[in-house]
Each structure stands twice: as structure tokens, then as C-alpha cells.
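Read the figures in this text as sums done on the coordinates, not as results from a lab. Computed from a prediction, not measured in an experiment: that's the story for all the values here. Counting neighbours? That spans all protein chains shown, and the Cβs are built from the backbone with ideal geometry, glycine included.
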Amino acid sequence: MNLSEAADAIASRFGERITARNEFRGELTLSIVPKALPEVAKFCRDELGFDLLLDISSVDNLDIEPRFEIVHELYSLNKKLHLRLKTTALENEPSIPTVSDIWPGANWHEREIWDLMGIRFEGHPDLRRIIMWEGYPFHPLRKDFPLEGKPSEVPDGTFTGVAPLDGGPFVTIPAATNAKNREPRARDAGVPVHTEAFPDEP
């Protein structure tokens, strides 16, 4: 079985629950409706031999609905095939089913996505934050989260005010202004950035 045949088998089994099929540079991506994810994932593992979950990632398409995309990277160790499953979640209801009962390695991936992107995984056995502290009210990888951070009133947190990111790693234009005025969104909005404080090297 090759990758195209595997995709044909999934499309034949699940019909309209497969909403798109994209092939690019030898990679194949199937888009599926969120509720079908566990059934499709189990079929991929048990019937098609995709026994390894390489990764789960998420994308924030700010100002576009559905806002969030969740991407599962599958691999068959025996057949040496890579398959990508993609599904979506809405901004006002960012949740999809878990696959941690199918691939136990999904546990920490899903916790990280919940922590940093705010997408819930229904049926996850222990959906706690994995990087930020419990009770932190924000999800820092969302595109509308500012680089300087947001104030929070969480006791015992590392920062209760905005983080001191002046000159931080995501700033692309050096300037004497503060971090929030150097973000791409601020520059797009016409906020002046003064670079004369950093003359070119002779």
C-alpha cells in the first residue's frame, strides 16, 4: 500500500467526513470534520498501520473562521509512509476530541496546545497546563497575545505585570521604544519606530 492508496481507503470509508485532500511535494494532507477525528485516527492506526504519532501542532488563523487548525502528523514505521490529518476548531468553541487513547504520546502534545493556544481536547484524561501555571488566564501562542505579555493577578506567578521584553527575541527592528511598539502589528498600524538610537556599525 502506498500513500495514495491509504488516502483512498480513508476517503472510501469516511466519505463526506473527509472535507479536502491536498498533495504537495510528495506529502498528503487530509482535512476531516472534528467529530470524526477519533474514528479516522483509529482506522489509520489499526487498519492502515500508522502506528506512530509524530506530532500535533496548532495554527491560529486570526480573523478567519474557523480560527484554529489542529494538525496531526502520522507515520507508519513498517510502510515508511507519512500522513497528515488536519481539522479545525471555532473561535467561540475551541475544542476537538482527544486521540490520547489511541496514541498515548498525544497526551503531552494536547496539554501543550491547550496551555498555549487554548484549544480543549474532549476526553483527555488530565488536561492541565504544562508550561504556564494553573490559573493563568491567557494562552500566549494566540496571535492576539502581545509580545510584552498581559498583566495577571495570579498570586505567586513569575510576572504579575507585563514581562520586560525590551529587546526580546521576537523583535525584528531594534529601537529605543518599548516592545509593544516594535511588534509587526504596531508597525502596520503606523506607530513610529525610531531607529536612530542604534547607528549602523562603521
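For this structure, a couple of remarks:
- Spacing of the two label points (7 Å from each Cα toward its C-beta) at Asn78 and Asp101, in nm: 2.4
- A simple count of charges around Val59, restricted to other residues whose Cβ falls under 10 Å of its Cβ and scoring Lys, Arg +1 and Asp, Glu -1, yields +1.
- In Hz, Karplus ³J(HN,Hα) per residue of the stretch 101-111 (6.51, -1.76, 1.60; θ = phi - 60°; x = Gly, Pro): 7, 9, 10, x, x, 5, 3, 6, 4, 5, 5
- Residues in the stretch 90-99 carry Karplus couplings, in order, of 7, 5, 7, 8, x, 8, 9, x, 6, 10 Hz; the curve used is 6.51 cos²θ - 1.76 cosθ + 1.60 with θ = phi - 60°, and Gly or Pro positions show x.
- Cross-linked pairs Lys35/Lys150; Lys42/Lys80; Lys86/Lys143: Cα-Cα separations exceed 27 Å for Lys35/Lys150.
- Base-10 log of normalised Debye intensity for the stretch 3-145 (one unit scatterer per alpha-carbon) at q = 0.10, 0.11, 0.13, 0.15 Å⁻¹: -0.33, -0.40, -0.56, -0.74
- Spin-label model, Phe145/Asn2: points 7 Å from Cα along the beta carbon direction are separated by 4.2 nm.
- The phi-based Karplus calculation (6.51 cos²θ - 1.76 cosθ + 1.60; θ = phi - 60°) puts the 3J(HN,Hα) values of the stretch 18-33 at 9, 9, 7, 9, 10, 10, 8, 6, x, 9, 10, 10, 10, 9, 10, 6 Hz, whole numbers, x for Gly and Pro.
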